[in-house]
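Student: Could you have a look at this structure, given as structure tokens, before my questions?
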Amino acid sequence: MIVLHPYLPGCREEDQAPTWRLIEQASKRWPVHDVDLSWDPLYGYGASLRALWDGDRDWLIIEHDVEATIEDIKAMEDCPELLCMASYGHSGHAAADLTSTLVVCSSLGFTRITARARQLCGDWPVPAGTSYHMLDSWLTGALAAALVTRTGRAWHAHRPVLHHHSADMV
Ligand SMILES: [Zn+2]
């Protein structure tokens, strides 16, 4: 499993600080791929994931303002499911505790996307010209649709994680 850490330099850096501390800890146990999105804040996230789509490593995405723990990462790595997510507070809504249920997932903030799930999904499913605003819903929806069709499974929920800057995000 590789940890993918998309981040935007200079964007609410006080909210990124706990995530950077987690990433530094995680880098002692897992390969970490920091994805600097400053070259294209709108489309760079999608382009970066697309470039890695056909790879044979499972992904754990940790976005730059999501704070989880090493135990949360370990639980993701050890999980037998093919798609895993943790809920978090967003747009003024508190994180829902969906632990151990199969759910609809619409955000990539702390998600495990296995190579097997990507293979079942096939080609990169996000339309050209999709900015980061809609990337989450396209990708999570396409992966879930492929998995439900082929395996009868959907996103597996782990315990909620913290999302900084969640209260006033629009
Ligand atoms: Zn899981």
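The values are calculated or read from the model by the stated rules, or taken from the named source; none is laboratory data. Note that the coordinates shown come from a computational prediction; the quantities given were computed from them, not determined experimentally. Cβ atoms come from the backbone with ideal geometry, glycine included; neighbour counts cover every protein chain shown.
Student: Would you be able to tell me the number of residues in the range 28-47 that are aliphatic (A, V, I, L, M), closer than 25 Å to Leu120 by Cβ and not in a strand (DSSP E or B)? Break it down stepwise before answering.
Tutor: Initially, the range 28-47 is screened for residues aliphatic (A, V, I, L, M), giving 32, 35, 37, 42, 47.
Then drop every residue that is not closer than 25 Å to Leu120 by Cβ, which leaves 35, 47.
Of the ones still in play, those that are also not in a strand (DSSP E or B) are 47.
So the count comes out to 1.
Student: Residues in the range 60-69: is at least one modelled with pLDDT of 95 or more, within 16 Å of the ligand (Cβ to nearest atom), surrounded by 13 or more Cβ atoms within 10 Å (Cβ to Cβ) and more than 13 Å from the chain's Cα centre (by Cα)?
Tutor: For the range 60-69, residues modelled with pLDDT of 95 or more, within 16 Å of the ligand (Cβ to nearest atom), surrounded by 13 or more Cβ atoms within 10 Å (Cβ to Cβ) and more than 13 Å from the chain's Cα centre (by Cα): present.
Student: Just give me the residues in the range 116-136 being of a type outside the set (D, E, K, R) and closer than 12 Å to Gly46 by Cβ, in sequence order.
Tutor: Trp124, Pro125, Val126, Pro127, Ala128, Gly129, Thr130, Ser131, Tyr132, His133, Met134, Leu135
Student: From Arg112, Arg50, Arg57, grab the single residue that is in contact (Cβ under 8 Å) with a residue 24 or more places away in the chain, surrounded by fewer than 18 Cβ atoms within 10 Å (Cβ to Cβ) and not in a loop (DSSP other than H, G, I, E, B).
Tutor: Arg50
Student: Related question: Which pairs do you get when a residue that is away from the ligand (no atom under 15 Å from the Cβ), found in the range 141-158, comes within reach of a residue that is assigned to a helix (DSSP H, G or I) and not acidic (Asp, Glu), reach meaning Cβ atoms under 6 angstrom, with the pair 6+ apart or on two chains?
Tutor: Sorted first by the residue in the range 141-158, then by its partner, the pairs are Ala142/Cys121; Ala146/Leu120; Ala146/Cys121; Arg150/Leu120.
Student: Looking at the range 116-127, is at least one residue surrounded by fewer than 17 Cβ atoms within 10 Å (Cβ to Cβ), more than 15 Å from Ala145 (Cα to Cα) and more than 16 Å from the ligand (Cβ to nearest atom)?
Tutor: Scanning the range 116-127 turns up at least one residue that is surrounded by fewer than 17 Cβ atoms within 10 Å (Cβ to Cβ), more than 15 Å from Ala145 (Cα to Cα) and more than 16 Å from the ligand (Cβ to nearest atom).
Student: Go through Ser100, Ser106 for me and flag whichever is within 16 Å of the ligand (Cβ to nearest atom), of a type in the set (Gly, Ala, Ser) and not in a helix (DSSP H, G or I).
Tutor: Ser100
Student: Being away from the ligand (no atom under 16 Å from the Cβ), under 23 Å from Leu135 (Cα atoms), in contact with a helix residue (DSSP H, G or I) (Cβ under 9 Å, 6 or more places away or on another chain) and not acidic (Asp, Glu) is true for just one of Gly10, Gly92, Gly44. Which residue is that?
Tutor: Gly44
Student: For the range 19-27, does any single residue satisfy the condition of being in a loop (DSSP other than H, G, I, E, B) and either in contact with a strand residue (DSSP E or B) (Cβ under 8 Å, 6 or more places away or on another chain) or of a type outside the set (Val, Ile, Thr) (or both)? Working first, answer last.
Tutor: If we filter the range 19-27 for residues that are in a loop (DSSP other than H, G, I, E, B), which is where we start, we get 27.
Narrowing further to those that are either in contact with a strand residue (DSSP E or B) (Cβ under 8 Å, 6 or more places away or on another chain) or of a type outside the set (Val, Ile, Thr) (or both): 27.
Yes: one or more hits.
Student: Here is a list: Cys84, Cys79. Which entry is within 16 Å of the ligand (Cβ to nearest atom), under 13 Å from Ala117 (Cα atoms) and surrounded by 13 or more Cβ atoms within 10 Å (Cβ to Cβ)?
Tutor: Residue meeting the stated conditions: Cys84.
Student: Criterion first (within 15 Å of the chain's Cα centre (by Cα), outside any helix (DSSP H, G or I) and within 16 Å of the ligand (Cβ to nearest atom)) does Val3 satisfy it?
Tutor: It is true that Val3 is within 15 Å of the chain's Cα centre (by Cα), outside any helix (DSSP H, G or I) and within 16 Å of the ligand (Cβ to nearest atom).
Student: Are there any pairs with C-beta distances below 8 angstrom linking a residue in the range 3-23 that is within 16 Å of Pro41 (Cα to Cα) and modelled with pLDDT under 95 to a residue that is among the small types (Gly, Ala, Ser) and part of a helix (DSSP H, G or I), with the two at least 6 apart or on different chains, and if so which?
Tutor: Nothing qualifies.
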